Each structure stands twice: as C-alpha cells, then as structure tokens.
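K.L.:
Take this structure first; my questions come after.
The values are calculated or read from the model by the stated rules, or taken from the named source; none is laboratory data. This is a predicted model, so every value here is computed, not measured. Please note: Cβ atoms are built from the backbone with ideal geometry, for glycine as well, and neighbour counts cover all protein chains shown. SASA here: full protein model, heavy atoms, side chains in, ligands and nucleic acids out. Shrake-Rupley method; radii C 1.70, N 1.55, O 1.52, S 1.80 Å.
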Amino acid sequence: LFLQNADCQIRKMLTARQLKRMLSTAMLFTPDALKAAADEPAPAPAPVPRMSATLEVIVSKIFPAGFGWQAASVVAGAQGFEADTLQFAVTTGAGDFAGVLAGHSIFSLLNAALGRGNGLGSDLVAGLWLASAAFCSGTAWQPTVNFLAGAGCSFVTTAVTCGAVTGTAFFAGLRLGRFIYKPLGLPEMDYANLCGDAMLSVSIGAATGTFVGTDISFKDNFLMPAFGVTDSMSDLEGCVRAGSSTAAGFLCMQSLQNITLPRGANWLDPVKI
C-alpha cells in the first residue's frame with residue numbers, strides 16, 4: 001500500500017512533458033541508437049590544422065623551390081647557358097632540387113631537435129623523394145614556357161598550361177620516386193597514395209603556373225608588379241620574388257583543397273581509402 005501511494009505521488013509530480021523528455025532520453029541509450037551513433041561519419045575537421053601544415057610546407061619546401069630555381073638560373077646565365085638549352089633546363093631543375101632538399105632537411109633537423117616529426121631518417125628520405133619530383137617539374141618548366149611563348153600564347157594560357165605540364169611532371173617524379181626510394185623506407189605505391197600524390201601535384205601545378213608571373217616578357221602579365229623579375233633587380237630580390245610566386249600559387253590551391261575536402265580525402269591528412 002505504501003509503494004502504491006508513493007507511485008501515485010510521483011506521477012502527480014511529473015508533468016506529461018517531463019515524462020516524454022525522460023522517455024526520449026532513455027531511447028538514446030538503446031542498443032540500436034548506440035549502434036546508429038557509432039556508424040555516423042565523423043564530422044569534417046576544421047581547416048586550421050591543415051592550414052598550419054600548409055604553411056609549414058610552404059616555408060620548408062615551396063618557397064625554397066622557387067628561390068632555388070631562380071638562383072640556379074643566375075648560375076646558368078653566368079655559365080653562358082641560354083634559356084632555350086638543355087643545360088639551362090637541367091641546371092634550373094637542379095636548383096629546384098637543391099632548394100627543396102635544403103629547406104626540408106633544415107626543417108626536419110629542427111623537428112628532430114624538438115622531438116617532433118616521424119623520425120629524422122624517414123623525414124630525410126621524404127625530403128629526397130620530394131626534391132627528386134621537384135627536379136622533374138623544375139627541369140620541365142623553362143622548355144614548356146619557351147614552347148608556349150613561341151606559339152604566341154597569352155600569359156594566362158601559358159601559366160595554366162605550364163602548371164598542368166609541370167604538375168604532371170612532378171606527379172610522375174613522385175610515383176617513380178616511390179619505386180626508387182622504397183628500399184630506403186618510403187611507402188610503396190598504392191591507390192590511397194596515388195590519390196594523395198595527384199592532389200599534391202595539383203597544388204604544385206598552381207605554384208609552377210604562378211611562377212610564370214616572374215617572366216616579364218609577357219606584356220599581359222598582370223602578376224608582374226608582384227612577382228616580375230627584372231634585370232635591374234639584385235639577384236637576391238629576384239630569388240625572393242620567385243619564391244614568393246610559388247608560395248602564393250601553392251597557398252591558393254592548397255587552401256581550396258583544405259576547405260573543401262572532407263577528412264581522409266586530403267593528402268595532408270593523409271588520404272584514407
């Protein structure tokens with residue numbers, strides 16, 4: 001009798017709305033509800049961590065690549081290599097290689113000193129791999145621009161086409177490098193890193209396309225005020241402008257990828273399939 005009276009008192013104290021809310025809360029913890037919650041896809045991450053990694057890549061590799069290419073062009077000119085020769089193309093490609101390798105290696109050493117990164121050995125192998133791909137795109141850049149300019153293409157057409165050609169050359173270097181450097185511990189080819197390498201190469205293509213902005217021979221070069229390299233400039237200023245152009249192009253394209261691609265679909269995450 002006592003229990004019955006207590007139950008009646010409790011029912012009087014609870015309104016219909018309160019009972020409904022309690023029942024709804026209880027249903028959230030049923031086995032089916034818990035399983036459905038576990039199966040729901042995780043929300044896409046905020047772009048901040050990706051942007052932080054993007055800036056690290058720009059400082060350690062993208063800016064040094066443009067800087068190194070331009071510095072090597074100064075060396076090639078001093079050696080008497082004309083811009084339409086194989087010697088010039090290979091020399092500037094080597095400058096691209098040296099810039100990426102030096103920038104990445106310094107960054108890896110700093111990370112190791114701070115206890116960060118994936119291990120100094122693995123990081124240095126990754127730097128060698130990326131620098132090798134940069135050699136491919138850096139070597140292809142000048143012949144591509146020469147061909148397009150000789151065909152009478154506009155600045156925009158040259159920049160876009162050059163970005164596509166050199167981005168493809170970079171991608172080929174990445175894929176070949178996975179085979180060459182596999183004995184050193186570089187992950188071998190698979191479909192996931194195929195997609196990741198392709199998306200990285202798109203951002204590299206944007207960088208190399210923007211690099212056309214350093215060429216003042218195009219009268220319609222609207223990037224000339226920011227990135228144009230003239231004979232009146234010091235070699236250092238020309239190298240800084242060249243590095244800034246690659247950094248700007250990469251930043252724009254990679255930021256677009258960072259904002260639009262979901263988790264596991266960006267090479268920075270990395271790609272998971």
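K.L.:
How much length is gained if the chain between Ser234 and Leu114 is pulled fully straight, taking 0.36 nm per residue apart and subtracting their Cα-Cα distance, in nm to one decimal?
P.N.:
On the way: separation 120, 0.36 × 120 = 43.20 nm, distance 3.58 nm.
Extending this stretch completely gives an extra 39.6 nm.
K.L.:
Provide the net charge surrounding Gly264, with neighbours chosen by a C-beta distance below 13 Å and charges set as Lys +1, Arg +1, Asp -1, Glu -1. Can you show the working numbers first?
P.N.:
Numbers: positive: Arg50, Arg263, Lys272; negative: Asp269.
Within the 13 Å Cβ shell, the charges total +2.
K.L.:
So which trypsin sites (Lys or Arg not before Pro) in segment 193-268 are both in a DSSP loop and have at most 11 other Cβ atoms within 10 Å of their Cβ? Please report the intermediate quantities before stating the final value.
P.N.:
Numbers: sites: Lys219, Arg241, Arg263; in loops: Lys219, Arg263.
Those satisfying the criteria are Lys219.
K.L.:
By how many nm would the segment from Cys252 to Val59 lengthen if fully extended, with 0.36 nm per residue of separation less the alpha-carbon distance?
P.N.:
Length difference between fully extended and current span is 68.0 nm.
K.L.:
Determine the per residue accessible area of segment 129-239 with all protein chains present and a 1.4 angstrom probe, expressed in square angstrom.
P.N.:
Working: 5050 Å² over 111 residues.
In whole numbers, segment 129-239 has 46 Å² accessible per residue.
K.L.:
Return the carbon/sulfur percentage of the accessible area of segment 116-273, one whole number, probe 1.4 Å, all protein chains in place. Kindly include the intermediate steps, with their values, before the conclusion.
P.N.:
On the way: 5090 of 7380 Å².
That share works out to 69 percent.
K.L.:
What does the charge count around Asp123 come to, taking other residues whose C-beta lies under 15 Å from its C-beta (Lys +1, Arg +1, Asp -1, Glu -1)?
P.N.:
Working: positive: Lys61, Arg116; negative: Glu56.
Charge balance near Asp123 sits at +1.
K.L.:
When ranked by the protection proxy of mean other Cβ atoms within 10 Å per residue, highest first, what sequence do the peptides 148-158, 192-202 form? Don't jump to the answer; show the numbers that get you there.
P.N.:
Values: 148-158: 15.1, 192-202: 19.5.
The packing order, highest mean first, is 192-202, 148-158.
K.L.:
Calculate the spin-label point distance for Lys219 paired with Ser154, positioning each point 7 Å from the Cα along the beta-carbon direction, and give it in nanometres.
P.N.:
Placing both labels 7 Å beyond Cα along the Cβ direction yields 1.4 nm.
K.L.:
Further question: In whole Å, what are the extents of segment 182-224 along the principal axes defined by its C-alpha atoms, from largest to smallest?
P.N.:
The principal-axis extents, from largest down, are 47, 20, 9 Å.
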